[in-house]
Amino acid sequence: MTKKYLLLIIVCGLILNAGAREKEGKPNKEGIAIDYLNNSFGIYNKLQKQIWSTPELGFLEVNSSAALQKHLTDNGFSIEKGVAGMPTAFVATYGSGSPVIGILAEFDALGGLSQDTVPYEKVLIAGGNGHGCGHNLLGTASAAGAVAIKKWIEITGAKGTLKVFGTPAEEGGGGKVFFAQDGFFKDVDAVLDWHPASENAVSVETSLARISIIYSFHGKAAHAAANPEKGRSALDGVEAMDNMVNMLREHIVSDARIHYVITDGGGLSPNVVPAHAEVSYYVRAKNVTELFEILARVDKAADGAALGTGTTVTKKRLAGAIYPVLPNKAFGKLIQKHLEKVGGVQWDEKELAYATEIAKSTNTSSKDLEKVKTVSPYRENKFGMLKSGSSDVGDVSWNVPVGSLVTATFVPGSPGHSWQNVAAGGTSIGTKGVIVAAKVFALSAIELFTNPALLIPIRQEFDAARGEGFKYAPIVPGKAELDYRLEK
């Protein structure tokens, strides 16, 4: 057999084999995105650690936002910066036409949670910030998933638009509220969302609505020893209010929450009757109606405290109050399918040894660490991760269908907003959860781009859940409180 005929046979065989693969649905076009992520662990390990190492509070995330924007720009996305009145907010866009699929990205840190990446408590900077909620991972996985989807769109020529919403200040500032208020989700068909956790799960659950209020009490300064009768203590007003609210807790529905912190105690000298004092409150409830019913009672406690202490009180409701999350079962089931396909997180021996040491600080058994390898069964219609908490994803979910998941980036047993989460989230343990989330985003978005008809039941459920005639309006309209994290 001559070389010429041998070459012809080989070529024919390759053609026939390729045709057979195409008939079977191969080459697997999803593999474009998954292969990219399998080969990009180092890229996203570096990016998440870069954001982890410069933790920035809400609306101050200059470096963190810039790092994500640069990565997306370098990979072909167009960027709209400083949107919705927030300097660190952005929208990154790739593609054209319908459907339009969005991805949420967060990147703010928490104050007072500075921690090294060691399996024991070790502050890096006294009083410094730390990523105790894993938003360094959250934004990184969103960017990673987006780039993987972009590569699939680019190679396959698929129609559709992908948007990454860089949303600042989830921790109290409610950045997504201002995206919703300004109509950024108006033409979006569906939004993918995730959060770092200690398990891999899709949970179709709601959350609590939340409103933030600052109560400022005004009194009269006086010498506390020489002429106290001439003074009216603003701090007395704050303390009287707090005492009444603490008694109120017994008489509200059990799933509501009230929290406060005294942000201005009236000065530094006990010998001066404080002329001004301030207390900041959160009120949470399962719906907006109950939220305002409880808030009205808290307001009355403030009025009564002012009356009883001879002071006056002013009340400021902060913009960024948030809706409860509106769950979507149809979307959740689609994401669950892809999460099960991707599977859980696999730690190597070094990571397991590290996690075991962290687990000792929370009395978590080694058996409990095994759950990071698995995917939890689909669950719906019950409170879970967000039972007592709130998220500005809520406002997004009343504007467009949102599908959410969590992946294992933390050591099981670690409390939220803890040094344990800061430590693990800054290591490869965190990055492995990032890659799982990014893969699920990629597979879910690709299916929606490929089969837009899947959006019909998602949208139908969304419209039914909102109710006929629903029109979104923010709970407290206004501009972002850009200085809420600054020292005053």
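The values are calculated or read from the model by the stated rules, or taken from the named source; none is laboratory data. The model shown is predicted, which means the values in this text are computed figures rather than measured ones. Note that we place each Cβ from the backbone using ideal geometry, even for glycine, and neighbour counts take in every protein chain shown.
Where strands (runs of 3 or more DSSP E) sit wholly within the range 72-132, those with at least 2 residues that are β-branched (Val, Ile, Thr) and either under 20 Å from LEU60 (Cα atoms) or touching a helix residue (DSSP H, G or I) at 6+ places or on another chain (Cβ under 9 Å) (or both) occupy 100-105.
Based on what the data block shows, is LEU138 in the same structural domain as ILE446 (by TED's automatic domain parsing), surrounded by fewer than 24 Cβ atoms within 10 Å (Cβ to Cβ) and either within 19 Å of the chain's Cα centre (by Cα) or under 30 Å from ASP463 (Cβ atoms) (or both)? Break it down into steps so the answer makes sense when it comes.
Working: in the same structural domain as ILE446 (by TED's automatic domain parsing): yes; surrounded by fewer than 24 Cβ atoms within 10 Å (Cβ to Cβ): no; either within 19 Å of the chain's Cα centre (by Cα) or under 30 Å from ASP463 (Cβ atoms) (or both): yes.
No; evaluated as a whole, the condition is false for this residue.
Taken over the range 327-367, residues that are under 25 Å from the mean Cα position of the chain (by Cα) and either modelled with pLDDT under 95 or more than 30 Å from TRP419 (Cβ to Cβ) (or both) amount to 14.
Within the range 192-212, how many residues are in a loop (DSSP other than H, G, I, E, B), within 24 Å of GLN460 (Cβ to Cβ) and not small (Gly, Ala, Ser)?
Filtering the range 192-212 down to residues in a loop (DSSP other than H, G, I, E, B) leaves 198-200, 202, 205-208.
With the extra rule that they be within 24 Å of GLN460 (Cβ to Cβ), the set shrinks to 202, 205-207.
Remaining after also requiring not small (Gly, Ala, Ser): 202, 205-206.
The qualifying residues number 3.
Within the range 359-377, the only residue that satisfies the criterion of being farther than 16 Å from GLU199 by Cα and assigned to a helix (DSSP H, G or I) is LYS360. Taking first residues from the range 297-308 that are free of Cβ contacts under 8 Å to residues at least 60 places away in the same chain and partners that are in a helix (DSSP H, G or I), the Cβ contacts under 8 Å between residues at least 6 apart in sequence or on separate chains come to ARG297/LEU248. Only one of the numbered conditions (1) among the aliphatic types (A, V, I, L, M); (2) over 30 Å from ALA190 (Cβ atoms); (3) at pLDDT 95 or above is not met by LEU268, and that is (3). Taking residues in the range 446-462 that are farther than 15 Å from SER404 by Cα, and partners anywhere that are charged (D, E, K, R), the pairs with Cβ atoms closer than 7 Å and at least 6 places apart or on different chains are ILE446/GLU30; LEU454/GLU447; LEU455/ASP189; GLU461/LYS329. From THR88, THR73, which residue is within 18 Å of the chain's Cα centre (by Cα), at pLDDT 95 or above and not aromatic (Phe, Trp, Tyr)? After applying the criteria, what remains is THR88.
When the range 228-244 is filtered for residues that are crowded, with 20+ Cβ neighbours inside 10 Å and among the polar types (S, T, N, Q), only SER233 remains. Scoring PHE441 on the criteria (1) assigned by TED's automatic domain parsing to the domain that holds GLY145; (2) over 13 Å from VAL402 (Cα atoms) leaves a single failure, condition (2). Taking the range 168-191 as the range and being over 16 Å from ILE101 (Cα atoms) and assigned to a loop (DSSP other than H, G, I, E, B) as the test, the residues that pass are PRO168, ALA169, GLU170, GLU171, GLY172, GLY173, GLY174, ASP182.
Where residues in the range 251-269 are among the aliphatic types (A, V, I, L, M) and in a loop (DSSP other than H, G, I, E, B), which of them is farthest from GLY219 (Cα to Cα)?
Here is the first cut: in the range 251-269, the ones among the aliphatic types (A, V, I, L, M) are 252-253, 256, 258, 261-262, 268.
Okay, now just the ones that are also in a loop (DSSP other than H, G, I, E, B), so 252-253, 256, 268.
Working: ILE252: 30, VAL253: 34, ALA256: 32, LEU268: 16 Å.
Looking at the filtered set, the residue picked out is VAL253.
Would you please name the residue that is modelled with the lowest pLDDT, looking only at residues in the range 430-488 that are among the charged types (D, E, K, R) and under 30 Å from GLY132 (Cα atoms)? My answer is LYS488.
Inspect the range 204-227 for any residue being closer than 18 Å to PHE449 by Cα, buried (at least 24 other Cβ atoms within 10 Å of the Cβ) and touching a residue at least 24 places away in the same chain (Cβ under 8 Å) and give the result as yes or no.
Residues of the range 204-227 that are closer than 18 Å to PHE449 by Cα, as a first pass: none.
No, the range 204-227 has no match at all.
No other residue among GLY426, GLY433, GLY403 is touching a strand residue (DSSP E or B) at 6+ places or on another chain (Cβ under 7 Å), of a type outside the set (Phe, Trp, Tyr) and within 22 Å of LYS46 (Cβ to Cβ) apart from GLY433. Go through the range 317-355 and give me each residue that's in contact (Cβ under 8 Å) with a residue 40 or more places away in the chain, in a helix (DSSP H, G or I) and farther than 20 Å from VAL406 by Cα. Within the range 317-355, just TYR354 meets the criteria.
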